[in-house]
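Undergrad: Below: one structure in structure tokens.
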Amino acid sequence: MISLLSTLLNGLSLGSVYAIIALGYTMVYGIAKMLNFAHGDVIMVGAYISFVAIFYWGLPPILGFLLAMVVCTVLGIVIESLAYKPLRQATSLAVLITAIGVSYLLQNSAQLIWGANPKAFPAMFSLPDASLFGGSVTISNNTISLLNDQLKISGNMILTILACVAIMVVLTLFINKTKMGKAMRCVSEDKGAAELMGVNVNLTISLTFAIGSALAAVAGVLLCASYPSLQPTTGAMPGIKAFTAAVFGGIGSIPGAMIGGILLGIIEKLGQTYVSDQLGDAFAFAVLIIVLLVKPTGLMGKKVHEKV
Amino acid sequence: MSLLKVDDIHVYYGAIHAIKGVSFHVDEGEIVTLIGANGAGKSTTLNTVAGLLKPRSGLITFDGKSLNATPAARIVSQGMALCPEGRRIFQQMTVKENLEMGGYTRPPKEIPGSIEEMFTRFPRLKEREKQIAGTLSGGEQQMLAIARAMMSRPRLLMLDEPSMGLAPILVEQIFDIIKELHAAGVTILLIEQNAQAALSIADRAYVMETGNITMEGPADDLLHNDDVRKAYLGD
Ligand SMILES: Nc1ncnc2c1ncn2[C@@H]1O[C@H](COP(=O)(O)OP(=O)(O)OP(=O)(O)O)[C@@H](O)[C@H]1O
Ligand SMILES: [Mg+2]
């Protein structure tokens, strides 16, 4: 029972990271109708920037984190305007190949700058050691122990889950309530009609890349805080998983990316714990395939209403 | 001086020469209609005026200012709105959000008042304020599309086949709405398959055939012209 609870919490935390990355994939897909396969590598850049800022330059973690977000936001805008914007009228295959090219460019640049050796990511923050409620809850080593030490929750896990919840709330409000968010929804539905309303479509696409990349930076820092090994390929696998999560939830759907990411994380951890340590990924992908067989548009895939 | 002046425009889709030197004008306060067979280039012409397509040559001036280099997103704030072919309302947004988007370029504080005005003119939309637009009936969607275009307070409203796919009673209602908007001071440029109805409410008309304007004149004259009657009014 407690082991199940612990697995679920681990899955929720991992899934939160997937969800944050999947949001970037799904927003860009929804608006620019392209799969930005370089998205995973922006995660890696974000992690390196915060690593350098905190570890080499000695900046406080929060500043390192903010710097990573700023750099990735700019990077996202630059990638879009240099690599993708010229291909607005091109076939989707040309755009896909370009995205793969950008992905390798980022990985190889990181290798050139920071080397191929994995870096040990420093702890971002530490919880104070404490013993609460007459010793039934103890905090040491940045880990909270509950239920006679049987359930351990790390500070990073809590931070990750909280960050994910905060991002979901803010993003949902932004998309549904603000003028800019509504413009984004219009562009994702019908670019021409959005232009007729006076929406600057190019600016909206840039903004989407900016938001997606800032989220990638957040994901990068959270990921490396929990799995503290950083190398140029660090973003690739979580990127693919998050892409899977976005498809699982229904590509283009924001709630879908959130739910898909969290479910994928939980399924992966359940598979690792109860099926086989090595087969966690295979298990997660098997579930994805079954979901897509039953519901090809993904869990929250949009039904398109059409009336003539 | 004409409110809208289109002078010898040529528009291409890749290698396809869709508009081959079209000129026309719309004066302030007029209803002008553009009629013609399927594929004549009517929608292409309107989309070009609205900036969604750019002419390869020729001039488009609105209120004395050239629009050739103005992107579509900036044209609406100059006082021109297009209610496009096929309505193209935002299906996944609510009725109210669609109207808000129509007023996208206007100061946010003016929007609630304008939405109320639209609700007074289109009471059906008021009842469905929170409904997802994709679930509206065809007639309701068309009213929403017109209301959305009106939300930008255009001086010139361009309507591309607003009666398409509607039952006769609704067609009549749409034409009544057009007349009301015109009476309220909006200049109208109308494309219609229903040439009879369009010619009856218009001041002037142009006939388009395969990318050219082949006839023009007061709507009444065209309504009683034998060639027009044969070709477009089914006589
Ligand atoms: N996106 C496009 N790509 C290539 N050709 C196009 C495109 N859109 C329209 N055309 C062509 O341009 C010509 C004019 O089309 P347009 O839609 O302007 O006609 P229309 O007069 O509005 O017709 P309808 O009454 O059927 O709406 C047609 O021959 C059409 O096939
Ligand atoms: Mg047409």
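Computed from the coordinates by the stated procedures, all read-outs in this text should not be read as laboratory data. Only a predicted model underlies this, so the values are computations on that prediction, with no experimental measurement involved. All Cβ positions, glycine included, derive from the backbone under ideal geometry; neighbour counts span all protein chains shown.
Undergrad: Treating only the Cα positions of the range A:31-130 as identical point scatterers, give the base-10 log of I(q)/I(0) from the Debye formula at each q in 0.25 Å⁻¹.
TA: Cα-only, vacuum Debye calculation for the range A:31-130: -1.30.
Undergrad: Could you work out which residue, out of B:Leu34, B:Leu181, B:Leu189, moves most in a Gaussian network model of chain B, that is, has the largest mean-square fluctuation with Cα springs under 10 Å?
TA: B:Leu181
Undergrad: Can you list the aspartates and glutamates whose alpha carbon is less than 18 Å from that of B:Lys109, not counting same-chain residues fewer than 8 positions off?
TA: Reachable aspartates and glutamates: B:Glu97, B:Glu100, B:Glu117.
Undergrad: For a test of the definition: using alpha carbon positions, the gyration tensor, and the 1.5 limit on a/c, classify the range B:26-170 as rounded, prolate or oblate.
TA: oblate
Undergrad: Further question: List the trypsin sites (Lys or Arg not before Pro) within the range A:221-308 that fall in a DSSP loop (any state other than H, G, I, E or B) and whose Cβ has at most 16 other Cβ atoms within 10 Å.
TA: A:Lys303, A:Lys307
Undergrad: To the nearest 0.05, how large is the calculated FRET efficiency for A:Lys33 and A:Leu292 if R₀ is 22 Å and r is the Cβ-Cβ distance?
TA: Efficiency, from the Cβ-Cβ distance: 0.70.
Undergrad: Turning to a different aspect of this structure: What base-10 log of the normalised intensity I(q)/I(0) is obtained for the range B:165-235 from the Debye formula, alpha carbons as equal point scatterers, at q = 0.15, 0.23 Å⁻¹?
TA: -0.53, -1.11
Undergrad: With the cut-off at 1.5 for a/c, could you classify the range A:6-87 from its C-alpha gyration tensor as rounded, prolate or oblate?
TA: Oblate, since a/c reaches 1.5 and b/c is not below a/b.
Undergrad: For a quick check, take a GNM of chain A with Cα springs below 10 Å and name the residue from A:Val42, A:Val71, A:Val221 with the largest mean-square fluctuation.
TA: A:Val71
Undergrad: Using only Cα atoms, figure out Rg for chain A and give it as a multiple of 2.2 N^0.38 Å.
TA: Ratio of Rg to 2.2 N^0.38 Å for chain A: 1.03.
Undergrad: Is the range A:180-308 rounded, prolate or oblate when judged by the Cα gyration tensor, a ≥ b ≥ c being the square roots of its eigenvalues, rounded requiring a/c under 1.5 and prolate requiring a/b larger than b/c?
TA: Verdict is oblate for the range A:180-308.
Undergrad: Starting from the eigenvalues of the Cα gyration tensor, five times each then square-rooted, give me the equivalent ellipsoid semi-axes of the range A:248-307, largest first, whole Å.
TA: Those come to 27, 11, 6 Å.
Undergrad: Can you return the lysines within cross-link range of B:Lys179? Criterion is Cα-Cα under 27 Å, with same-chain partners fewer than 8 residues away left out.
TA: Here the lysines satisfying the reach criterion relative to B:Lys179 are A:Lys307, B:Lys5, B:Lys42, B:Lys96, B:Lys126, B:Lys230.
Undergrad: Of the candidates B:Asn225, B:Asn98, B:Asn212, which one comes out as most mobile in a Gaussian network treatment of chain B with C-alpha springs shorter than 10 Å?
TA: With Cα springs under 10 Å in chain B, the top fluctuation among B:Asn225, B:Asn98, B:Asn212 is at B:Asn225.
Undergrad: Can you check how the C-alpha radius of gyration of the protein assembly as shown compares to 2.2 N^0.38 Å, as a plain ratio? Show your work: numbers first, answer last.
TA: On the way: Rg = 28.6 Å, N = 543, 2.2 N^0.38 = 24.1 Å.
Scaled against compact globular proteins, the figure is 1.19.
Undergrad: Further, regarding this structure: Quote the charge dipole size of the range B:154-231 about the Cα centre in Debye, to the nearest 20; the model charges only the Cβ of Lys and Arg (+1) and of Asp and Glu (-1).
TA: Using Cβ point charges on Lys, Arg, Asp and Glu, the range B:154-231 gives about 120 debye.
Undergrad: Oh, and also: Express the Stokes-Einstein translational diffusion coefficient of the range B:1-98 in µm² s⁻¹, to the nearest whole number, given a Kirkwood radius over alpha-carbon pairs, 4 °C and a viscosity of 1.567 mPa s.
TA: In µm²/s, the coefficient rounds to 89.
Undergrad: Next up: Inverting the mean 1/r over all pairs of different Cα atoms, compute the Kirkwood radius of the range A:215-272 and quote it in Å.
TA: Result for the range A:215-272 stands at 12.0 Å.
Undergrad: Something else now. Using only alpha-carbon positions, what ratio does the radius of gyration of the range A:147-252 give when scaled by 2.2 N^0.38 Å?
TA: 1.36
Undergrad: May I pose another question? Can you list the aspartates and glutamates whose alpha carbon is less than 16 Å from that of A:Lys241, not counting same-chain residues fewer than 8 positions off?
TA: A:Asp41, A:Glu268, A:Asp281
Undergrad: Placing one identical point scatterer on every Cα of the range B:84-235 and ignoring solvent, what is log10 I(q)/I(0) from the Debye formula at q = 0.12, 0.16 Å⁻¹?
TA: -0.54, -0.89
Undergrad: Note down the Stokes-Einstein diffusion coefficient of the range B:131-204 in µm²/s, whole number, using a Kirkwood radius over alpha carbon pairs, 37 °C, and 0.692 mPa s.
TA: 258 µm²/s
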